[in-house]
Amino acid sequence: VMMEAWRMPAAAPRTIVEKIYHEEELRRAIAMKQLINYYQPKVALSTGKVVGVEALVRWQHPTDGLVYPDQFIGVAEAHGLINDLTHSVLKQALQDMASWKQMGLEVQVSVNVSMDNLSALDFPDTVSALAASAGIAPTALILEVTESRLMHDLRAPLEILTRLRLKRFGLSIDDFGTGHSSLTQLRDLPFDELKIDRSFVHGAHDMGNIRAIFSASVGLAKELGMKVVAEGVEDAGDWAFLRFTDCDLAQGYHISKPIPASDFVAWVDLYRR
Ligand code: C2E
Ligand code: CA
Ligand code: CA
Ligand code: CA
């Protein structure tokens, strides 16, 4: 690898290999509160109203700048740090919800959870306690689980998911279309929202094969009484197409990039105009 790098011409892009962080550095970062939540708005297609946001974690690294989750979530999962990481994201999300609420802005917040979170038996009680102490109703918090990870080993997380649902937290299947769930599996799982992966959203309006998977997914979700979110809404074409489907909500760069908590209220004011 060193030889290859040495041979590379000076003009070669430098982002081919992203830096992977060491667990010790990440452990310290979590303890020192260097992980911060960004939020990406979710908008209702029928009314254009902002109904929620998804929390997306970033690492405000003292020397490397803003580091994206793909560079450290795997490290956290591999080294037993994911429970602390999720706890940090949840806590910030609930605090931010509470302060938005004080400013008259009530939105749902979605938080991404890993499979390891769903094997900790105390997870539902931990989430409940955090929500209660922030004064946030469980129905305002949605937990997102990636379809492919979930379908890989369904039995273990089912009990935790069921307990979360009984406590009235929202549950969402993320990146839908990439994990090959069957109708039977979906019917037996306690999810109330389905997020269609961006690979079946962006460009669906002019590519029939993509549109076919998109439409089948929306039909399936509606049949099962679930809310449907399209992610990766990148341009006006995507947005225009979605308005003629049964999809409920849209999320993507066309609406907004993920932004810091402190920018969200101003963003909503601008968006409303
Ligand atoms: P995800 O949950 O599927 O989140 C959506 C990702 O797509 C985000 O990347 C978001 O910035 C990006 N995105 C949003 N709109 C668009 C669009 O219109 N076009 C395109 N091409 N991309 C768009 P991000 O923030 O880099 O996060 C990457 C992944 O990292 C997330 O994918 C999620 O799986 C994971 N992740 C992020 N935050 C957390 C967290 O707090 N906990 C855990 N366990 N995983 C997280
Ligand atoms: Ca997600
Ligand atoms: Ca997703
Ligand atoms: Ca994804």
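Quick look at the values:
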item: Qualifying residue in segment 243-254 (condition: among the aliphatic types (A, V, I, L, M) and either over 27 Å from Leu161 (Cα atoms) or away from ligand 1 (no atom under 16 Å from the Cβ) (or both)); result: no
item: Filter result (in a loop (DSSP other than H, G, I, E, B) and either acidic (Asp, Glu) or more than 14 Å from ligand 3 (Cβ to nearest atom) (or both)) within segment 192-234; result: Asp192, Asp197, Gly203, Ala204, His205, Asp206, Met207, Leu224, Gly225, Met226, Glu231, Glu234
item: Lone qualifier among Leu130, Leu121 - being more than 16 Å from ligand 4 (Cβ to nearest atom) and open to solvent by less than 60 Å² (accessible area, probe 1.4 Å); result: Leu130
item: Matching residues, segment 167-198, being closer than 16 Å to Ala137 by Cβ and in contact (Cβ under 8 Å) with a residue 40 or more places away in the chain; result: Lys167, Phe169, Gly170
item: In segment 115-126, residue farthest from ligand 1 (Cβ to nearest atom) [restricted to those that are in contact (Cβ under 8 Å) with a residue 40 or more places away in the chain and over 15 Å from Lys91 (Cβ atoms)]; result: Pro124
item: Members of segment 127-147 found to be within 15 Å of ligand 1 (Cβ to nearest atom) and either over 17 Å from the mean Cα position of the chain (by Cα) or aliphatic (A, V, I, L, M) (or both), listed by number; result: Val127, Leu130, Leu141, Ile142, Leu143, Val145
item: Where Asp269 falls short, out of the listed (1) assigned to a helix (DSSP H, G or I); (2) touching a strand residue (DSSP E or B) at 6+ places or on another chain (Cβ under 8 Å); (3) open to solvent by 20 Å² or more (accessible area, probe 1.4 Å); (4) of a type in the set (Asp, Glu); result: (2)
item: Single residue of Ser215, Ser262 found to be away from ligand 1 (no atom under 16 Å from the Cβ), among the polar types (S, T, N, Q) and open to solvent by 70 Å² or more (accessible area, probe 1.4 Å); result: Ser262
item: Count of residues meeting criterion [over 22 Å from Ala131 (Cα atoms), among the hydroxyl-bearing types (Ser, Thr, Tyr) and either within 11 Å of ligand 2 (Cβ to nearest atom) or buried (at least 18 other Cβ atoms within 10 Å of the Cβ) (or both)] in segment 164-181; result: 1
item: Residues of segment 44-64 classified as within 16 Å of ligand 3 (Cβ to nearest atom) and buried (at least 20 other Cβ atoms within 10 Å of the Cβ), total; result: 5
item: Residue check, Trp239 in contact with a His (Cβ under 8 Å, 6 or more places away or on another chain) and either open to solvent by less than 70 Å² (accessible area, probe 1.4 Å) or within 23 Å of Ala98 (Cα to Cα) (or both); result: yes
item: Identity of the residue in segment 65-81, over 17 Å from the mean Cα position of the chain (by Cα) and not β-branched (Val, Ile, Thr), that ends up surrounded by the most Cβ atoms within 10 Å (Cβ to Cβ); result: Leu81
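The values are calculated or read from the model by the stated rules, or taken from the named source; none is laboratory data. Bear in mind that the values here come from a model prediction, so they are computed numbers and not experimental data. No Cβ is skipped: glycine too gets one built from the backbone with ideal geometry, and neighbour counts run over all protein chains shown. Surface areas here come from the heavy atoms of the whole protein model, side chains and all, with no ligands, DNA or RNA. Shrake-Rupley method; radii C 1.70, N 1.55, O 1.52, S 1.80 Å.
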